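Let me begin by presenting the structure, written as structure tokens, before commenting on it.
The values are calculated or read from the model by the stated rules, or taken from the named source; none is laboratory data. As the structure is a prediction and not an experimental result, all values here were calculated from the model. As a convention, Cβ positions derive from the backbone with ideal geometry for all residues, glycine included, and neighbour counts pool all protein chains shown.
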Ligand code: KG4
Ligand code: ZN
């Protein structure tokens with residue numbers, strides 16, 4: 001139960017990130033630094049993240065990102081190194097794990113491998129001091145799942161998307177309507193000027209359980225676009241209405257499935273959301289409303305800690321170390337690693 005300062009390293013998707021988090025038992029954890037080097041510009045024009053480009057960019061950016069996170073303090077202040085060991089794009093995960101091993105071996109520090117999803121799932125304990133068990137909805141460009149978080153390394157998946165993640169649907173809708181990337185914020189801005197008057201499906205809404213689906217919605221947007229503009233030129237007002245209708249459909253589905261997940265979860269201390277899509281004002285408000293209906297406290301980490309970052313990995317490392325878990329230099333990078 002000693003004070004711990006942990007260096008967290010994250011390179012599993014398209015952000016190279018590193019952070020220092022300090023925790024003194026009995027006090028709130030402190031994020032000493034949190035550095036994120038994004039790759040948006042590198043992947044622009046490819047219609048998504050290109051794995052080879054991502055891997056090379058991680059390899060190039062990792063050293064400097066870690067150095068920035070240390071802020072000239074040097075490794076003397078660090079008690080352990082935590083690194084995302086999966087799931088994710090293998091090139092980046094390997095680059096991060098190798099660097100972490102090098103630092104740990106070189107400085108004689110403990111090493112702990114972290115599951116990226118566990119990092120997201122434990123973030124509300126870092127930001128809001130939540131106690132177990134709580135329900136977490138993780139909604140981003142790559143993930144969409146309900147997790148009952150019962151302890152460090154103890155999660156139960158209550159349901160999730162059977163196809164696309166909502167962020168992916170926002171991005172595809174934006175591309176279809178000629179809006180800039182990332183699509184989520186662009187669609188949200190348009191939606192604010194429109195009316196949700198266009199009928200779009202609510203996939204799986206009527207089906208039992210907490211599973212979700214978003215790929216049919218994207219097809220429906222494509223069809224609606226064709227109906228509104230048979231000649232190809234979509235009017236500004238129609239585009240705004242289509243964005244509003246799309247956002248309303250996603251919001252309704254997420255809210256209804258959250259209601260069910262809260263019932264399925266049993267007693268929980270809170271309903272927490274994380275992931276880039278949780279930055280959407282309409283979605284956030286609807287989910288907050290669902291928590292209020294159920295009389296459950298609502299927690300949403302600030303957006304920079306909702307999206308991929310190193311602080312969540314450092315914090316998950318601290319939680320793992322407090323449970324007596326650590327890895328050695330045989331720690332493997334795992335492209336697939338379900339919770
Ligand atoms: O968590 P994140 O940064 O990265 C991963 O996917 O892991 O999430 C990015 C996703 C993108 O698809 C982006 O379009 C979406 O989150 N997003 C939003 C908003 N801001 C970001 N979606 C809807 N509304 C927003 N305001
Ligand atoms: Zn993530």
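Quick test for you: out of 54, 37, pick the one residue that is within 16 Å of ligand 2 (Cβ to nearest atom), assigned to a strand (DSSP E or B) and not assigned by TED's automatic domain parsing to the domain that holds residue 172.
Details: 54 fails: assigned to a strand (DSSP E or B).
The conditions single out 37.
Scan (1) surrounded by fewer than 21 Cβ atoms within 10 Å (Cβ to Cβ); (2) in a helix (DSSP H, G or I); (3) within 16 Å of ligand 2 (Cβ to nearest atom) for the single condition residue 49 breaks and write down its number.
Exception for residue 49: condition (2).
I'd like to verify a number: residues in segment 57-75 that are more than 28 Å from residue 129 (Cα to Cα), part of a loop (DSSP other than H, G, I, E, B) and in contact with a strand residue (DSSP E or B) (Cβ under 8 Å, 6 or more places away or on another chain), how many?
Residues of segment 57-75 more than 28 Å from residue 129 (Cα to Cα): 57-64, 67, 72, 74.
Still in the list and also part of a loop (DSSP other than H, G, I, E, B): 72, 74.
Now drop any that are not in contact with a strand residue (DSSP E or B) (Cβ under 8 Å, 6 or more places away or on another chain), which leaves none.
The number of residues fulfilling the criteria is 0.
Could you tell me how many of the residues in segment 140-156 are more than 10 Å from ligand 1 (Cβ to nearest atom) and farther than 18 Å from residue 257 by Cα?
The qualifying residues number 6.
Just a yes or no: is a residue in segment 168-190 closer than 19 Å to residue 285 by Cβ, touching a strand residue (DSSP E or B) at 6+ places or on another chain (Cβ under 6 Å) and within 16 Å of ligand 1 (Cβ to nearest atom)?
no
To keep it simple, each residue is scored yes or no on (1) in contact with a helix residue (DSSP H, G or I) (Cβ under 7 Å, 6 or more places away or on another chain); (2) in a loop (DSSP other than H, G, I, E, B); (3) in contact (Cβ under 8 Å) with a residue 60 or more places away in the chain.
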{"residue": "258", "(1), (2), (3)": "yes, no, yes"}
{"residue": "269", "(1), (2), (3)": "no, yes, yes"}
{"residue": "287", "(1), (2), (3)": "yes, no, yes"}
{"residue": "292", "(1), (2), (3)": "no, no, no"}
{"residue": "305", "(1), (2), (3)": "yes, no, yes"}
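Looking only at residues in segment 261-276 that are closer than 30 Å to residue 196 by Cα and modelled with pLDDT of 95 or more, which one is nearest to ligand 2 (Cβ to nearest atom)?
Keep residues of segment 261-276 that are closer than 30 Å to residue 196 by Cα, which gives 261-263, 271-276.
Applying the additional criterion that residues be modelled with pLDDT of 95 or more yields 261-263, 271-273.
Details: 261: 19, 262: 23, 263: 27, 271: 19, 272: 15, 273: 13 Å.
So, considering only residues that are closer than 30 Å to residue 196 by Cα and modelled with pLDDT of 95 or more, the one nearest to ligand 2 (Cβ to nearest atom) is 273.
Which one of the conditions (1) more than 17 Å from the chain's Cα centre (by Cα); (2) within 15 Å of ligand 1 (Cβ to nearest atom); (3) over 22 Å from residue 263 (Cα atoms) does residue 231 fail to meet, given that it meets all the rest?
Only one criterion in (1) more than 17 Å from the chain's Cα centre (by Cα); (2) within 15 Å of ligand 1 (Cβ to nearest atom); (3) over 22 Å from residue 263 (Cα atoms) is unmet by residue 231, namely (2).
Please list, ordered by residue number, the helices (runs of 4 or more DSSP H) wholly in segment 105-197 having 2 or more residues that are within 16 Å of ligand 2 (Cβ to nearest atom) and modelled with pLDDT under 95.
Numbers: elements: 116-128, 166-176, 183-191.
Counting at least 2 such residues, we get 116-128, 166-176.
Condition check: over 25 Å from residue 86 (Cα atoms), in the same structural domain as residue 227 (by TED's automatic domain parsing), away from ligand 1 (no atom under 11 Å from the Cβ) and in contact (Cβ under 8 Å) with a residue 24 or more places away in the chain. Does residue 159 satisfy that? Explain how you work it out, then say what you get.
Numbers: over 25 Å from residue 86 (Cα atoms): no; in the same structural domain as residue 227 (by TED's automatic domain parsing): yes; away from ligand 1 (no atom under 11 Å from the Cβ): yes; in contact (Cβ under 8 Å) with a residue 24 or more places away in the chain: yes.
No; evaluated as a whole, the condition is false for this residue.
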